[in-house]
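Contents: one structure, followed by commentary.
Readers should treat all values here as calculations from the given coordinates under stated rules, not as data from a laboratory. In this text the structure is predicted, and so the values were computed from the model without any measurement. Here the Cβ positions follow ideal geometry from the backbone for every residue, glycine too, while neighbour counts run over all protein chains shown.
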Amino acid sequence: MRITILNGDPQADSAFCGYADGLTKRLASLGHTVEEIDLRNLDLKGCSGCFGCWVKTPGECVKRDDSARICRSAINSDLWVLASPITMGFTTALLKRAADQAIPLLHPYFVMDGGELHHRPRYARYPAIALLLGAGADADNEDIEITTEIWTSFARDFKSRLVCAAVAGRPIEEVADEFIACA
Amino acid sequence: MSSLLVLNGSPRGSHSNSMCMMSPVIEGWKSSGAPEPEVLHLAQRGEFERAIEHFPAADTVLLGMPLYTDAMPALVKLYIEALAPYVESASQRDQKPTLGFLVQSGFEEALHSRPLEHYFEKLARRLGSPYAGTIVRGSGWSLPLMPENENRALVTHLRALGNQLARNRRFSEAELRVVAGTERFSPTAAAWLSLAFSSPAAIPNSHWDRALEKNNVWDRRYAAPYADALPT
């Protein structure tokens, strides 16, 4: 299975990054092809809502930055893991920056899907989505629930399903198995 | 008289659908006799920093934004992260700004913005702030495009919400429901729309077609540039 992990922790050497690295290694040791992308090291200019990726260069951001790498890696994977510590009750601005710049993966046309308006898919298949959250002292269960609710909605928009939401700290082997089982 | 700090969280800055929608709310605020609010665009360098500085002293803060991939734009989350010191100092401050929010999305139904609304309700509690409510409105792109008379009802209700914010420091549930419009399509409406959107002449989609044609890329509209490595 191909797995892309977007790590949205702005700090290197954090306990969360240690955990995410451990998970990457564990998944690789199980025979999967894993790419962990540390977003803090990328040049991401952020989405400015110009719609260029929909009407000027269809499917590609008009900004020449590293967002293309994120889109390419995510769309070609079977499991797309969004990893981030919870800060102020939600995943980091850094992870959101990457998610905002994933919009070229969708098509501008509206379609009806399950009785709701959504965007038309641009690709034939989309990866299953999983969340890996870091919950420090300032994150409670309600924050985890709200964060999960928002990313569930994101997954639906990205023609997918949030198949798993795990909080870092549990045994890595157990979380790795869970990710593989639900993807 | 109490002060209002208006924060525009649109990455497009002052020329944004979010600002279009907040303008009537600001007018409504002023119609109560309350003073002119300070308006800051988070996308503007310098204003982002001022928005952090001015936050604790404001009586009321209205933070508006477009829905980006089912949540706040990264810019808004970055701003919220910069408010972290105010969580720690909340217990020592007598003054805690009342927080109101506005979320406008491209989709017509309000349901897409509800998870983010839950987040904002919690954010107000985290900051020890009274929560005025979240204005949710779909089809945000249509406000600047529609003729004035078609927007009149919406503008009137947005003004009423601004007036309520000044007088009661709280949006009324009834007014919020009116502005939200369609929460979810009825099964009949959904079936009809499924048909309508499967036609190439679907109105919102023809808007995209015109933009694609103008840029001479209509024939490339289904481009899937990253799919070459997809397994067969």
query: Can you run phi through the Karplus equation (6.51, -1.76, 1.60; θ = phi - 60°) for the stretch B:102-113 and list ³J(HN,Hα) in whole Hz, with x for Gly and Pro?
result: 9, 10, 10, 10, x, 6, 6, 7, 6, 4, 5, 8
- request: Once you have the Kirkwood Rh of the stretch A:2-182 from its Cα pairs, apply Stokes-Einstein at 4 °C and 1.567 mPa s and quote D in µm²/s.
  value: 78 µm²/s
- line: Assertion target for A:D143, A:D43, A:D177, ordered by fewest C-beta neighbours within 10 angstrom first, is A:D43, A:D177, A:D143
message: As I understand it, the value is the acute angle between the Cα axis of helix A:141-157 and the longest principal axis of the Cα atoms of chain A; what does it come to in degrees, rounded to 10?
response: 30 degrees
message: Out of all Cα-Cα pairs in chain B, roughly what percent, to the nearest whole number, are more than 27 Å apart?
response: 39 percent
query: In debye, nearest 20: dipole of chain A around its Cα centre with unit charges on the Cβ of K, R (+) and D, E (-)?
result: 1000 debye
query: Taking Cα centroids, how far is the stretch B:172-225 from the stretch A:122-151 in Å?
result: 27 Å
- line: Result row for chain B, helices from DSSP H with C-alpha axial extent 27 Å or more and mean Kyte hydropathy at least 1.0, is none
- prompt: Roughly how tilted is helix A:15-29, in degrees to the nearest 10 and between 0 and 90, from the longest Cα axis of chain A?
  reply: 80 degrees
message: Nearest 10 degrees is fine. How inclined is helix A:172-182 to the longest principal axis of chain A, computing both from alpha carbons?
response: 40 degrees
- prompt: Picking from B:L78, A:N7, B:N151, whose Cα lies most toward the positive end of the charge dipole for the protein assembly as shown (charges on Cβ: Lys, Arg +1; Asp, Glu -1)?
  reply: B:N151
statement: Amide H contacts under 5 Å for A:I5, restricted to residues at least 5 apart in sequence or on another chain and with H modeled in the peptide plane, are A:E35, A:E36, A:I37, A:V81
message: Loop only by DSSP, 13 or fewer other Cβ within 10 Å of the Cβ. Give me the trypsin sites (Lys or Arg not before Pro) in the stretch B:92-137 that pass, ordered by residue number.
response: B:R93
task: Pairs of Cα atoms under 8 Å, at least six residues apart: use those to get the relative contact order of chain B, whole percent.
output: 21 percent
- request: List the lysines whose Cα lies under 18 Å from the Cα of B:K214, skipping any in the same chain that are fewer than 8 positions away.
  value: A:K56
query: Sequence-distant or interchain residues sharing an amide H contact under 5 Å with B:L102, placed H: which?
result: B:L63, B:G64, B:M65, B:I135
message: To check my understanding: the extent here is largest minus smallest coordinate of the Cα atoms along each principal axis. What are those three numbers for the stretch B:82-203, in Å, largest first?
response: 59, 27, 24
- request: Take the alpha carbon atoms of the protein assembly as shown, find their radius of gyration, then divide it by 2.2 N^0.38 Å using N residues; give the quotient.
  value: 0.98
field: Violating pairs (Cα-Cα greater than 22 angstrom) within the set A:K96/B:K122; B:K77/B:K122; B:K96/B:K122; A:K45/B:K96; A:K63/A:K96
entry: A:K45/B:K96
